[in-house]
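Take a look at the structure below.
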Amino acid sequence: MIQVRPAAARGQFDFGWLKTAHTFSFGEYCDPEHIHFRTLRVINDDRVAPRAGFPTHPHRDMEIITYLLSGALEHRDSIGNGSVIRPGDVQRMTAGTGVTHSEFSASDEETHLLQIWIFPEEKGLTPGYEQATFPVEERTGTLRLVASRDGREGSVTVHQDVALYAAILPPGAQVSYPLAEGRHAWLQVGRGTVQLNGTTLTAGDGAAVSGESQLELRGVEEVEILLFDLA
């Protein structure tokens, strides 16, 4: 079963410096039918104005993944990390017992990112940070593992039973993904158009997948996607 979450149906806000769309309930947006999917709690599609951003704010007991589609994002946190994230970079922050951080656009152009929250497998984890780079060529025409429970294949480590893949599919390119029995998937389209088992999804669309044994993905126009394999 594939249930599409259309981009236009998300909670959308324009704060001037930030244009954001919430796939699941978040902040001022509350939708009882879309609180989370499995352990996936937040997918925020954020567009941040040049040199603007999120001032220092706290998080606790959440695995937070940031994936950039364009621009650059400067990160600073209370556990001593400071970096600039660019397209191809994947950042994981374990909020655990508590962490504060800030995020500001480090670009003269709009910065477009997906911020993802995943419930951790247990509360009270020690706060942590990790960042890895996955070049375009590693993500083009294939599903590249970028985050996983065990950090395999150079992916960042997430404290939950989840595997996150990123892919850039040119028009006509196809990839398959076998979904093990009892597993679920979420597909998020960052940009472009893709077909998932014959269902067409465009930029900003998401899809919850359950009860399918095989996922067939085909690029319609060049598309950048994230695929979550979830318990």
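The values are calculated or read from the model by the stated rules, or taken from the named source; none is laboratory data. Keep in mind that what you see is a predicted model, and the values were worked out from it rather than measured. No Cβ is skipped: glycine too gets one built from the backbone with ideal geometry, and neighbour counts run over all protein chains shown. In case anyone asks, the SASA skips ligands and DNA or RNA and just uses the protein heavy atoms, side chains included. Shrake-Rupley method; radii C 1.70, N 1.55, O 1.52, S 1.80 Å.
Worth a mention:
- Whichever residue in segment 44-93 is in a strand (DSSP E or B) and among the β-branched types (Val, Ile, Thr) and, among such residues, is nearest to residue 168 (Cα to Cα): 90
- Options 146, 136, 220; residue that is exposed (fewer than 14 other Cβ atoms within 10 Å of the Cβ) and hydrophobic (A, V, I, L, M, F, W, C): 136
- Residue match in segment 143-156 (condition: of a type in the set (Val, Ile, Thr), part of a strand (DSSP E or B) and under 16 Å from the mean Cα position of the chain (by Cα)): yes
- Residue within segment 211-226 that is part of a strand (DSSP E or B), of a type in the set (Ser, Thr, Tyr) and out of contact with any helix residue (DSSP H, G or I) (no Cβ under 9 Å at 6 or more places or on another chain) present: no
- The residue of segment 185-206 that is most open to solvent (accessible area, probe 1.4 Å), among those that are part of a loop (DSSP other than H, G, I, E, B) and at negative phi, is 203.
- Of the candidates 63, 103, the single residue that is acidic (Asp, Glu), open to solvent by less than 10 Å² (accessible area, probe 1.4 Å) and at pLDDT 95 or above is 63.
- Test for residue 3: is it out of contact with any Lys or Arg (no Cβ under 7 Å at 6 or more places or on another chain) and touching a residue at least 60 places away in the same chain (Cβ under 8 Å): yes
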